[in-house]
1. Looking at the stretch 299-328 only, could you name the residues that are among the acidic types (Asp, Glu), part of a helix (DSSP H, G or I) and at pLDDT 95 or above?
2. Within the stretch 118-150, how many residues turn out to be under 30 Å from Asp227 (Cα atoms), assigned to a loop (DSSP other than H, G, I, E, B) and at pLDDT below 95?
3. Might you let me know whether the stretch 225-240 holds any residue that is at pLDDT below 90, over 19 Å from Leu109 (Cα atoms) and crowded, with 19+ Cβ neighbours inside 10 Å?
4. Does the stretch 191-206 contain at least one residue that is among the acidic types (Asp, Glu), surrounded by fewer than 21 Cβ atoms within 10 Å (Cβ to Cβ) and modelled with pLDDT under 95?
5. Could you figure out which of (1) under 29 Å from the mean Cα position of the chain (by Cα); (2) not in a loop (DSSP other than H, G, I, E, B); (3) not hydroxyl-bearing (Ser, Thr, Tyr) isn't true of Gly339?
6. Looking at Glu354, is it without any contact (Cβ under 8 Å) to a residue 24 or more places away in the chain and surrounded by fewer than 21 Cβ atoms within 10 Å (Cβ to Cβ)?
7. Which one is surrounded by the most Cβ atoms within 10 Å (Cβ to Cβ), of the residues in the stretch 362-382 that are in contact with a Lys or Arg (Cβ under 9 Å, 6 or more places away or on another chain) and either at pLDDT 90 or above or acidic (Asp, Glu) (or both)?
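The values are calculated or read from the model by the stated rules, or taken from the named source; none is laboratory data. Note that this is a predicted model, so its numbers are computed, not measured. All Cβ positions, glycine included, derive from the backbone under ideal geometry; neighbour counts span all protein chains shown.
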Amino acid sequence: MRHGFTTGSCAAAASKAAAYMLLTGKKKENISIQTPKGIWYHATIEEITQRELSVSCAVRKDGGDDPDITTGALIFSTVSMERELCLGQPAEILIDGGIGVGRVTKPGLDQPPGNAAINHVPREMITREVEEVCRLADFHGTLKVVISVPEGERLAVQTFNPRLGILGGISILGTTGIVEPMSSQALIDTIRVELNQKRAQGHEIAAVSPGNYGLDYMKKTYDYDLDRSVKCSNFIGDTIDMAVQAGFTGMLLTGHIGKLVKVAGGIMNTHSREGDCRMELLVAASVRHQVPYPVLEEILQCVTTEEAVKKLYACEKADAVLEDVLEKVIFYLRKRAVGKLQIEVILYSNECGELAKSAGAEALLEKIKKEDAAECGIWTEG
């Protein structure tokens, strides 16, 4: 598969080209940079605007064979001369974000609040490439580099940025400089960022859910906005590990029976390709509570856990069986945490609502609400 290049690589290439045109006066329609991965990026330069003390140009984002929402977007760099000469000193490079590049408003991210959401590796790439041009041109003054993405504010709505408190646009990202097909590690890294940010904001209890299933239920029953929770997707075990590493003292996992019943079998990655024994685990719990044999056969034929749960309610065994499932879920979650994290669980279905919850779940949820309220209080002041 063909790899692409990150927004960070695009910004660095555009910045190098703009600096070259500014300091030499020569037009540059192609530029090459070496990514941190060691792979060369040969970029085409577009939208060139040359002025006496500044040059602006763009590189079009190429996502390779794994395009994302930024693929095709123009990443602009405007390089301007702030101070022309400072003899005996190396060139100084100032970097900021312009239109369409987000601004950080909360702690716990790569950049501190107030900074443009241009992560440290892209900043290093931009600085390195522009400094190279300065050396070639024997320039010893100060250059200001402003990265902008005209479509950035519109694109950012489709990213995690609003959840993370990055406002006004996308982030300029990339650690290797290249885009490879989306991997499990990329998703896990996203979860880690959210957990670390929550911890940096003072949260001691991590609210975690696989997704937004149950959003209405949690709001109606517990007055809790599930969208504020960290979305762990299928990576329940990894999320526990990262919550421990981040220093959380507790974790409340709220989830649909279709996901969490797998955990009752010790499965910590709930993706279907990793294992799907939902009905078998429900039947095992049902056998322990004397569910009639014909019902067991019916459950094994069910396509969804929603359907299976209805059959348990029909034979008046649901409460006992689902408490059994919850007990196993709790056992494996706490085993994964090796005593370093208090873990509580709320288990629900879309059609039947709450199915079971651990003894300390409501108390932990109340702590989470207080932490959320404290965070909102901090960030709405001033």
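1. Across the stretch 299-328, the qualifying residues are Asp319, Glu323, Asp324, Glu327.
2. 1
3. Among the residues of the stretch 225-240, at least one is at pLDDT below 90, over 19 Å from Leu109 (Cα atoms) and crowded, with 19+ Cβ neighbours inside 10 Å, which makes the answer yes.
4. no
5. Single failed check for Gly339: (2).
6. Criteria not met by Glu354.
7. Once the filter is applied, the top-ranked residue is Ile368.
Results for (1) within 31 Å of the chain's Cα centre (by Cα); (2) hydroxyl-bearing (Ser, Thr, Tyr); (3) more than 20 Å from Ser171 (Cα to Cα); (4) assigned by TED's automatic domain parsing to the domain that holds Arg154, shown as yes or no for each residue.
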residue: Tyr20; (1), (2), (3), (4): no, yes, yes, yes
residue: His42; (1), (2), (3), (4): yes, no, yes, yes
residue: Ile45; (1), (2), (3), (4): yes, no, yes, yes
residue: Glu52; (1), (2), (3), (4): no, no, yes, yes
residue: Pro67; (1), (2), (3), (4): yes, no, no, yes
residue: Glu82; (1), (2), (3), (4): no, no, yes, yes
